[in-house]
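These notes concern the structure reproduced below.
Where a number appears in this text, it was derived from the coordinates with a stated rule and is not lab data. What you are looking at is a predicted structure, and each value in this text was computed from that prediction instead of being measured. Please note: Cβ atoms are built from the backbone with ideal geometry, for glycine as well, and neighbour counts cover all protein chains shown.
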Amino acid sequence: MKIEIDPGAGPCFGVERAIEKAETILKEKSVLYTVGDLIHNEAEVERLEKIGMKTIAMDQAISGEYPNVLFRAHGEPPSSYQNTKDARVEVEDATCPIVINLQKKIAKTYSTIKNDKGQIILFGKKNHPEVISLLGHCENTAMVIEKLEDLNSIDFSIPIYLYSQTTKYRSEYFLIKKEVEHRISELNIKDSSHFNFHDSSCKIVARRDEQLQDFVEGKDLILFVSGTKSSNGKQLFQICKNTGVESYFISRIEELKKEWFLSKDNIGISGATSTPKWLLEQMSSRVKELVEAL
Ligand code: SF4
């Protein structure tokens with residue numbers, strides 16, 4: 001039996017950077033307070049908590065009780081920076097540079113349309129930390145859409161600036177773009193500046209979609225390892241399921257069931273952009289043990 005770890009799996013650059021930052025601070029200070037889950041992977045959060053990381057909420061962060069805090073890769077709205085500054089809390093910032101870039105673009109668009117006609121439409125998951133951070137950069141004026149049907153509540157006669165949360169499905173985003181173009185054309189609006197499309201989905205995530213499809217091909221079974229809160233994990237798992245290959249979403253080693261591996265020759269292990277490599281390796285070792293015991 002062949003057991004293979006997806007070579008394209010493992011933390012993306014933004015997540016890796018946030019983890020490295022947390023580890024560096026923990027080496028210096030032995031305690032670290034992060035505002036919200038540092039990353040959407042419970043196993044990695046637990047590992048960091050064992051060496052001193054503590055997860056707190058924003059209202060705790062500005063209570064004056066904690067001298068310094070770390071902002072996670074998803075980013076924060078401007079109010080978080082202002083509130084921590086007012087509370088004299090030192091901030092270490094692990095916001096992914098790609099997210100910072102998107103925040104700046106949205107802020108710039110907002111300043112352009114503030115005194116003019118226009119609306120920002122954001123394709124993303126409502127209440128996702130990144131979306132909350134992006135909304136903060138346009139004074140919460142953007143309309144968040146989660147699916148194609150949500151376009152029904154948009155007034156297409158008003159100029160549109162379309163953005164996507166970095167981790168949303170690129171293919172779905174482009175379907176939304178096409179539908180926006182169609183609805184505008186139905187209004188017979190010819191002005192090309194009426195629709196401003198921003199290709200803001202993260203290219204690292206987009207590449208993972210394609211890599212994962214290639215990896216799944218020819219496998220008898222896929223173990224997809226991800227934190228339960230990871231929206232990227234849920235999307236990538238859906239790719240595995242869509243291929244028709246028997247696929248399981250797991251977060252912890254204890255969830256493995258040996259009966260899954262009966263009559264299987266080629267097992268693939270993959271994960272989300274927040275799944276640590278050490279967890280994939282642990283899964284692989286445990287699968288080997290279970291298979292040997294069959
Ligand atoms: S998915 Fe892309 S944007 Fe999000 S943290 Fe990773 S590298 Fe940054």
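A few points about this structure:
- For the chain, the longest principal axis of the C-alpha atoms and the axis of helix 203-216 are separated by about 30°.
- If you take the Cα centroid of the range 1-58 and the Cα centroid of the range 195-227, the two points sit 21 Å apart.
- For the options Lys241, Lys168, Lys29, a Gaussian network treatment of the chain with springs between C-alpha atoms closer than 10 Å singles out Lys29 as fluctuating the most.
- Checked against a 28 Å cut-off, the cross-linked pairs Lys29/Lys125; Lys178/Lys277; Lys203/Lys241; Lys50/Lys168; Lys104/Lys229 give Cα-Cα distances beyond that limit for Lys29/Lys125; Lys178/Lys277; Lys50/Lys168.
- For the chain, built as a Gaussian network whose Cα springs stay under 10 Å, the top-fluctuating residue of Thr55, Thr95, Thr24: Thr24
- Here His194, His137, His128, His182 are placed in order of increasing Cβ neighbour count within 10 Å, fewest first, which gives His182, His194, His128, His137.
- With Cα atoms as the point set, the radius of gyration and Dmax of the chain evaluate to 21.4, 69 Å.
- Degrees separating the helix 277-292 axis from the principal Cα axis of the chain, which is the longest one: 40 degrees
- Near-label residues of the range 174-210 by backbone N, under 15 Å of a point 7 Å along Cα→Cβ of Asn101: 198-207
- Relative to the longest principal axis of the Cα atoms of the chain, the long axis of helix 97-113 lies at roughly 20 degrees.
- Highest mean first, the peptides 221-229, 5-13 sorted by other C-beta atoms within 10 Å per residue fall in the order 221-229, 5-13.
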